[in-house]
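Colleague: Handing you a structure now.
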Amino acid sequence: MDNEMKGDLKIDGTGSAPGGEYNSVKINGAGRITGDTSCREFRINGSGNVDGNIQMQDGRINGSGTIDGNIKARQLKIIGSAQVRGTISGDSLIVSGSVTIGDNLDVQKVKIEGSAKINHDCNAENFNSDGSFEINGLLNADEINIKLYHLKSRAREIGGGRIHITTGSDAGFNVLKTIFTLGMYNPVLEADSIEGDEIVLENTTAKVVRGTNITVGKGCNIGLVEYKGLFRKTGDAKVGEEKKI
Amino acid sequence: MENDELISKKELLELTNISYGQLYRWKRKGLIPEDWFVRKSSYTGQETFFPRGKVLYRIEKIKNMKEDISLDDLADVFSPALDQIGLRPEEVTQRNIVSGDVMKIYLDFRGSGDLLDFNDILSAYILNKLILSGDIGLDEGRLLLEVLQEGRIAFGTDPSEIFLMRKLGVFSCFTVSPPCRICTDKGVRLIAGISTTTVIEELKCKLV
């Protein structure tokens, strides 16, 4: 991108601006951008709306952002809250606040520290979660690392190479945390099916788990396990049926 | 094609000797199209099935080709996106994609003939296939080219199918966008049904 020719857009109070090509876009107050936009740097510190698709190299949403379209970003950090009507695609997404995605999430690397809601599928090479998520479609990633801390996560289907779902280290009984989360303390993962090459599960409820090597650990409740290589059951895991194929 | 037999995911992995990880990777890269994943409910909840013939053929192809080119390049081969290519007619004939005679017919039809884009090559390739197989004659070929040009918008973005038929010796052809079924009267003889996605893949393999 040729940045020298492009101007900066900055909205400090309340204002709106047309879309287009910018070098940097900063919304510090309440701002609205109308139309498709592309920029190098994108920041929302107050509340921002984009009525259209937006492309950025480096994005950060600190306040609240509503994107009425798709986001394409080399890297995007959502520290506040974001609502995206379409798809987020790009290289890396970090969510420490919360995000709601109306369509798909298609990035190389995802890290969820806060919460994410995805209406369809999530495709990634690396998927990491220390927070909670709800994926209504398929979570498809080569490397899936999910640490369950205090809230329930859900995906309709999970598929990939290596799938590790474990309870976070401080997920044990903790009075303060229980009070803090007002009885919502429920570090579990629910899925209809989980399929992968190497699967390690804890606190997971699933109808079917299929794979090569499968370990089902404490707190699990699995209807059917189908494995090709090794199967291990530890702790108080409940498995309805196990089949070696 | 509509009545393609289905194969379950489990059976597919066993038969082709690939792992879940590979299958999901190929799905992510778009090597196996989304609409081939057919979900059906079974006693364990949902099971996924695939159109048997298509998916087995595709996986064989991926397994054979991935030794030579990377997955991302492979994805380009299978994605029906329009290519940014331009070839001179001589190059196309030299590479045995289209025979010299058929290229002449195509150039007559097209008018100017300096650089052929992907759509041009595709049209000529389809024409070449049908004429060489003896399915259609030269005049019928021209008719086909007109239809292909009309239906050009459908190329690349949406998969479509080209049907050629003959009734009482009179030739006719048209394109449709699946999923759809055609129903004809008894006098109609269907000469060929060509899926653009398949020919695009064939052609891309030749162009790589």
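Colleague: Peptide A:229-239: average number of partner chain Cβ atoms within 10 Å per residue? Working shown, then result.
Modeller: On the way: counts 0, 0, 0, 0, 0, 0, 0, 0, 0, 0, 0.
Averaged over the peptide's residues, the number is 0.
Colleague: Only four residue types carry charge here, +1 at the Cβ of Lys and Arg and -1 at the Cβ of Asp and Glu. Report the dipole size of the stretch B:6-78 about the Cα centre in Debye, rounded to the nearest 20.
Modeller: 280 debye
Colleague: Follow-up. Fewest to most neighbouring Cβ within 10 Å: what's the order for A:Val209, B:Val188?
Modeller: B:Val188, A:Val209
Colleague: I've got another one for you. Residues of A:202-212, mean number of Cβ from any other protein chain within 10 Å of their own Cβ, rounded to a whole number?
Modeller: Mean partner-chain Cβ count within 10 Å for A:202-212: 2.
Colleague: Related question: How do A:Ile245, A:Ile135, B:Ile97 line up, fewest other C-beta atoms within 10 Å first?
Modeller: So the residues, fewest neighbours to most, are A:Ile245, B:Ile97, A:Ile135.
Colleague: Take A:His120, project a point 7 Å from its Cα along the Cβ direction, then tell me which residues of the stretch B:6-50 have their backbone nitrogen under 13 Å from it.
Modeller: Label zone hits: B:34-35.
Colleague: Sticking with this one: Give me the distance in nm between label points sitting 7 Å out from Cα along the Cα-to-Cβ direction at B:Tyr57 and A:Glu21, one decimal.
Modeller: My value for the distance between the label points is 4.3 nm.
Colleague: Of A:Cys122, B:Cys180, how do they rank once you tally other Cβ atoms within 10 Å and put the fewest first?
Modeller: By the 10 Å Cβ count, ascending: B:Cys180, A:Cys122.
Colleague: Need the list of lysines near A:Lys233 for cross-linking: C-alpha distance under 28 angstrom, and skip anything on the same chain fewer than eight residues off.
Modeller: Leaving aside lysines fewer than 8 places away in the same chain, those within reach of A:Lys233 are A:Lys147, A:Lys152, A:Lys207, A:Lys218, A:Lys243, A:Lys244, B:Lys9, B:Lys10.
Colleague: Still on this structure, I have one more. Would you mind working out the magnitude of the charge dipole of the stretch B:86-207 relative to its Cα centre, with +1 at each Lys and Arg C-beta and -1 at each Asp and Glu C-beta, to the nearest 20 Debye?
Modeller: Its charge dipole is roughly 360 debye.
Colleague: I want to check a number: in the stretch B:86-207, how many lysine pairs have alpha carbons closer than 20 Å, given a sequence separation of 8 or more or different chains?
Modeller: 4
Colleague: State the dimensionless ratio Rg/Rh of the protein assembly as shown (Rg: radius of gyration of Cα atoms; Rh: Kirkwood radius).
Modeller: Using only Cα positions, Rg/Rh for the protein assembly as shown is 1.05.
Colleague: Sticking with this structure for a sec: Which residues among the stretch A:79-110 fall inside the zone where the amide N is under 15 Å from a point 7 Å beyond the Cα of B:Asp72, along Cα→Cβ?
Modeller: From the stretch A:79-110, the list is A:90-92, A:107-109.
Colleague: Per-residue counts of other Cβ atoms within 10 Å, averaged by peptide: what ranking do you get for A:125-132, A:136-143, highest first?
Modeller: Highest-to-lowest ranking by the protection proxy: A:136-143, A:125-132.
Colleague: When the dipole is taken about the Cα centre of the stretch A:1-110, and only Lys, Arg (+1) and Asp, Glu (-1) are charged at their Cβ, what size is it in debye, to the nearest 20?
Modeller: So the magnitude is around 300 debye.
Colleague: Sticking with this structure for a sec: Among bridges DSSP assigns within the protein assembly as shown, what percent are antiparallel (round to 5)? Can you show the working numbers first?
Modeller: On the way: 24 of 153 bridges.
Of all bridge pairs located within the protein assembly as shown, approximately 15 percent are antiparallel.
Colleague: Of A:Gly29, A:Gly229, B:Ser133, which is farthest on the positive side of the dipole of the protein assembly as shown, counting Cα position, with +1 on Lys and Arg Cβ, -1 on Asp and Glu Cβ, and the Cα centre as origin?
Modeller: Farthest towards the positive pole: A:Gly229.
Colleague: If I take R0 = 22 Å and measure r between the Cβ atoms of B:Glu150 and B:Arg110 in this structure, what FRET efficiency does the formula 1/(1 + (r/R0)^6) give, to the nearest 0.05?
Modeller: 0.95
Colleague: Oh, and also: Got the relative contact order for the stretch A:48-135 handy, in percent, Cα pairs under 8 Å and 6 or more residues apart?
Modeller: Normalised by residue count, the contact order of the stretch A:48-135 is 19 percent.
Colleague: Follow-up. Need one value for B:8-20: mean number of C-beta atoms belonging to other chains within 10 Å of its residues' C-beta atoms.
Modeller: 3
Colleague: Show me the ranking of peptides A:232-243, B:46-57 by mean Cβ neighbours inside 10 Å, starting with the highest.
Modeller: B:46-57, A:232-243
Laboratory data are not the source of any read-out in this text; all were calculated from the coordinates shown. Quantities reported herein were computed from a predicted structural model and do not represent experimental measurements. Positions of Cβ are generated from backbone atoms using ideal geometry, with glycine treated the same way; all protein chains shown enter the neighbour counts.
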